[in-house]
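Quick notes on the structure that follows.
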Amino acid sequence: SVHTARDVHAIAERGAANLVNIKLAKTGGLAAALDAARAARAAGLGVIFGSMMEAHVGVGATAQLAAAFAPDSVHDLDAA
């Protein structure tokens, strides 16, 4: 998983992965997670969204972002 859009760029430059896992708790919120997701898409990387120890509110927010940004991907939203 990544913390910032800068992390996404580093992964893409190194060819270290073909997708990134974006977690709201690691990125710091919806805006930063969306920035990272956009950076991944621009770099040709796949995107999945995950959760860690969030309560149902955090998982719900992540689910909304996942549905809007990558509706055809399988996401990791099992924290609740």
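The values are calculated or read from the model by the stated rules, or taken from the named source; none is laboratory data. Just so you know, these numbers come straight off a predicted model, no measurement behind them. Positions of Cβ are backbone-derived with ideal geometry, glycine not excepted, and every protein chain shown enters the neighbour counts.
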Completion exercise
Selection from the stretch 22-80 of residues surrounded by fewer than 16 Cβ atoms within 10 Å (Cβ to Cβ) and hydroxyl-bearing (Ser, Thr, Tyr) yields Ser73
Handout entry: Residues satisfying the stated conditions in the stretch 4-21, i.e. surrounded by 14 or more Cβ atoms within 10 Å (Cβ to Cβ) and either among the basic types (Lys, Arg) or touching a Ser or Thr at 6+ places or on another chain (Cβ under 6 Å) (or both)
Key = Asn21
Handout entry: Inter-residue pairs, beta-carbon under 6 Å, first without any contact (Cβ under 8 Å) to a residue 24 or more places away in the chain and in the stretch 46-75, second of a type in the set (Gly, Ala, Ser), 6+ apart
Key = Val59/Ser51; Val59/Ala79; Val59/Ala80
Exercise for the section: Using the structure shown, decide if Val59 is under 11 Å from the mean Cα position of the chain (by Cα) and of a type in the set (A, V, I, L, M, F, W, C). Expected result: no
Practice task
Please report, ordered by residue number, the helices (runs of 4 or more DSSP H) entirely within the stretch 18-80 with at least 1 residues that are at pLDDT 95 or above and of a type in the set (A, V, I, L, M, F, W, C).
Solution key: 30-42, 56-69
